[in-house]
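Working notes, structure below.
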Amino acid sequence: MQKIISIIFMWGVYSLVQAGCDGLPVKLNAELNYGKNTMSKELRFSSCKVWPFDSSKTIVALVHFQDGSSFEGAANTTDGLYDLTLLLVESRSGKVLTRYFQKSVFTSDAIIFNGVAIDTAPYNLTNNIRAFGVKAQFSNLSALNKIEYDQLNLYVNNGGSIQNVLSNLEIAKHLIEVGDHDCVSTFLINRTIAISNTSTKGYADLSINEKKTDDVSKSKNDECKETQKINTKKYMMHFNGENYNLPDEIKSINGV
């Protein structure tokens, strides 16, 4: 029997700090010594959430624009690369327990990176190891061909250190296309993760359940005629000792 985990797809820009953290990300950002890991301490986005799996710990994500990475060559642009610092913090004292840094983990260009949110769904990979997620949200500015999607990375706290075990899974994607005679077609992909009762190399196998809904509108006799097509598919992911690799078909769909 699999345990299905619901993933909520959130449109729009994520807030800088989630409720209940009382400015903790901003405080930690000002106090941390970033050293050679990143050239910028300007906090562009952050997210903070007490971990339901272990309420003595709070998860904090700090996102910085990587200085010198601009695709436009202009200073203080939003187009470029973003670095991620993840922290596990003692909930009562705010003391940093564990720290993890990822360079160039998010890219913002024609598809704009809008922010992050902590995902604490029950990703139980073993009896005593539960992953947590960082969801990143992206969108473009086109009026005729609108794209919005959420991307999920999963992390574990194993032996006092944070490890990235899944990267760049698009959990939801929404496309809007305007065709002839302003006929509007929409294409939606939603994916949920189910924890399997089988495991590989010590971690549970993960099933990705995908639903694609295509609402296609075409002009006929000067009217927009709509047709709907729904497809479902299931993919399996197995831990290889370091991480879960995305299925090749999902990589292809995502243009990876």
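The values are calculated or read from the model by the stated rules, or taken from the named source; none is laboratory data. As the structure is a prediction and not an experimental result, all values here were calculated from the model. Note: ideal-geometry Cβ built from the backbone for every residue, glycine included; neighbour counts use all protein chains shown. When the accessible area is computed, the model is the full protein with side chains, heavy atoms only, and any ligands, DNA or RNA have been set aside. Shrake-Rupley method; radii C 1.70, N 1.55, O 1.52, S 1.80 Å.
How big is the accessible area of residue 161 in square angstrom, nearest 10, if you roll a 1.4 angstrom probe over the protein chains?
60
Which ³J(HN,Hα) values, rounded to whole Hz and listed in residue order, are derived for segment 154-162 from phi using the Karplus coefficients 6.51, -1.76 and 1.60 in 6.51 cos²θ - 1.76 cosθ + 1.60 with θ = phi - 60°, glycine and proline given as x?
Those phi angles translate into 10, 9, 10, 9, 10, x, x, 10, 8 Hz.
Picking from 190, 175, 152, whose Cα lies most toward the positive end of the charge dipole for segment 150-205 (charges on Cβ: Lys, Arg +1; Asp, Glu -1)?
Ranked along the dipole, the leading option is 152.
Okay, helix-only estimate at 222 nm for the chain: each DSSP H run of n ≥ 4 adds -39500 (n - 2.57), divide by all residues, round to 500 deg cm²/dmol; what do you get? Kindly include the intermediate steps, with their values, before the conclusion.
Details: 2 runs with 15 residues, N = 256.
Calculated from helices alone, the mean residue ellipticity at 222 nm is -1500 deg cm²/dmol.
For a quick check, take a GNM of the chain with Cα springs below 10 Å and name the residue from 132, 106, 187 with the largest mean-square fluctuation.
Largest GNM mean-square fluctuation: 187.
For a protection proxy built on the mean count of beta-carbon atoms within 10 angstrom, sort 170-178, 42-50, 120-128 highest first, please. Mind dumping the intermediate values first?
Working: 170-178: 18.3, 42-50: 20.2, 120-128: 15.0.
Going by the mean number of other Cβ atoms within 10 Å, highest first, we get 42-50, 170-178, 120-128.
Could you rank 230, 129 by how accessible they are, 1.4 Å probe, largest area first?
230, 129
Counting only residues 5 or more places away or on other chains, whose amide H sits under 5 Å from the amide H of residue 171 once H atoms are built in the peptide plane?
Answer set, sorted by chain and number: 150, 151, 152.
Please list, ordered by chain and number, the residues whose modelled amide H lies under 5 Å from the amide H of residue 51; skip anything fewer than 5 residues away on the same chain.
57, 58, 59
Putting +1 on Lys and Arg Cβ atoms and -1 on Asp and Glu Cβ atoms, find which of 63, 77, 52 reaches farthest to the positive end of the dipole of segment 42-97.
Of the options given, the answer is 52.
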